[in-house]
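The values are calculated or read from the model by the stated rules, or taken from the named source; none is laboratory data. Note that the structure is predicted; figures quoted are calculated from it, not measured. Reconstructed Cβ throughout: ideal geometry from the backbone, glycine too, with neighbour counts over all protein chains shown.
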Amino acid sequence: MKLKIHFLPHEEVDPAHLSILLSRLGENTLLIVDARLTPQQEAHLIKESLRLVSNEFSGIEFGTLHLGSRKMGIKEKGIEMLSGHRRGLTLIGSSRLIHRMEHHPRLLQLYLR
């Protein structure tokens, strides 16, 4: 099985694009988003993926890696809030592809089947 990796801008992860995003997930596809998801985006992603669960689609696994310094100043927080871009990466994959994820402070390990 060949692994496909899709890199997506964070603007693609909104409620309007969510079904399109999930339709890109095949059994051998990993999506990498160039930002951390907001709690609202995570909730929408979970809700939509649960709605689509079937014999063909087993659901998703996702994890977030926080990039940048641990402590941001007021200027950095303001820029992040205004731009809507949360520094980090989000990995999303099919439950059939991802065996498990391990979260560490500066590392996200992915174990694939």
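General remarks:
- Cβ separations smaller than 7 Å between residues 6+ apart or across chains give the following pairs from region 83-100 residues that are closer than 9 Å to Glu61 by Cβ and crowded, with 19+ Cβ neighbours inside 10 Å to residues that are at pLDDT 85 or above and of a type in the set (Asp, Glu): Gly93/Glu61; Ile98/Glu61.
- Filtered residues of region 16-43 (kept if over 19 Å from Ser95 (Cβ atoms) and surrounded by fewer than 17 Cβ atoms within 10 Å (Cβ to Cβ)): Ala16, His17, Ile20, Thr38, Pro39, Gln40
- Residues located in region 21-47, provided they are in contact with a strand residue (DSSP E or B) (Cβ under 7 Å, 6 or more places away or on another chain) and among the hydroxyl-bearing types (Ser, Thr, Tyr): Thr29
- Scan of region 101-113 for residues that are surrounded by fewer than 15 Cβ atoms within 10 Å (Cβ to Cβ) and in a strand (DSSP E or B), ordered by number: Glu102, His103, His104, Leu107, Gln109, Tyr111, Leu112
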